[in-house]
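Everything on this sheet refers to the single structure shown next.
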Amino acid sequence: MLTNYRHLATQDRIEIEKLLDSGHSQTMIAQKVGCHRSTISREIRRRSWSPERAHANLRPYLRNKLNTMGVPTYFCDPYSSFQRGTNEHFNGRIPRYLPKGTSFHDVTLEELDEYITEINNRPRKVLGWLTPAEVFHELCSKGAIT
C-alpha cells in the first residue's frame, strides 16, 4: 500500500521538539506538522535530529530555546563579520597569544589561564570601558545571572 510520504525537514523536527516540550500528544503533533502519527512516534524514538549534528541549522532551534527561557538573543547573518565587531576584533588578537601553527600540546593549562585572564580583564569600549569580568560580576551580584 502506497501512501504519501513526506520527508521531515529540520524545521519540522524543531517543531516536533517544541510541541513535545509543551506537552502535546503525538496525534496533535502529527496534525500540526502534517504527517502520520507513526512518523512522529518514529521520530521520537529515533531522536534523529539533534542540534549537535545539525549545527548549520541550529539558529532557529537556539532562538526558540533561548526565547522560551527569556534570554534576549541576536544572531548575526552568515558571512557578515561587520555584525560581530567586538568578536572579530578579539579573534584577531588571539594570534598575539597563540601564533598560527601553535600546537596545544605545547601550551600549558597555566598559560591558557593567563591568556584568558588577560583577555577578560581588558576594558572594552562596547562595555563602557568596563572589562567583561566586571560586567559579569556586576550582573551576578544583581541576580541577573544565576
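Residues that are surrounded by 12 or more Cβ atoms within 10 Å (Cβ to Cβ), among the charged types (D, E, K, R) and out of contact with any His (no Cβ under 9 Å at 6 or more places or on another chain): does the range 135-143 have at least one?
Taking every residue of the range 135-143 in turn, at least one turns out to be surrounded by 12 or more Cβ atoms within 10 Å (Cβ to Cβ), among the charged types (D, E, K, R) and out of contact with any His (no Cβ under 9 Å at 6 or more places or on another chain).
Looking at the structure I just gave you, is PHE90 within 27 Å of GLU134 (Cβ to Cβ) and not aliphatic (A, V, I, L, M)?
The answer is yes for PHE90.
Can you name every one of the helices (runs of 4 or more DSSP H) wholly within the range 1-95 that holds 1 or more residues which are within 30 Å of GLU118 (Cβ to Cβ), touching a Phe, Trp or Tyr at 6+ places or on another chain (Cβ under 7 Å) and modelled with pLDDT under 80?
Correct list: empty, since no element meets the threshold.
The values are calculated or read from the model by the stated rules, or taken from the named source; none is laboratory data. Given the structure is predicted, the values throughout are model-derived calculations rather than measurements. As a convention, Cβ positions derive from the backbone with ideal geometry for all residues, glycine included, and neighbour counts pool all protein chains shown.
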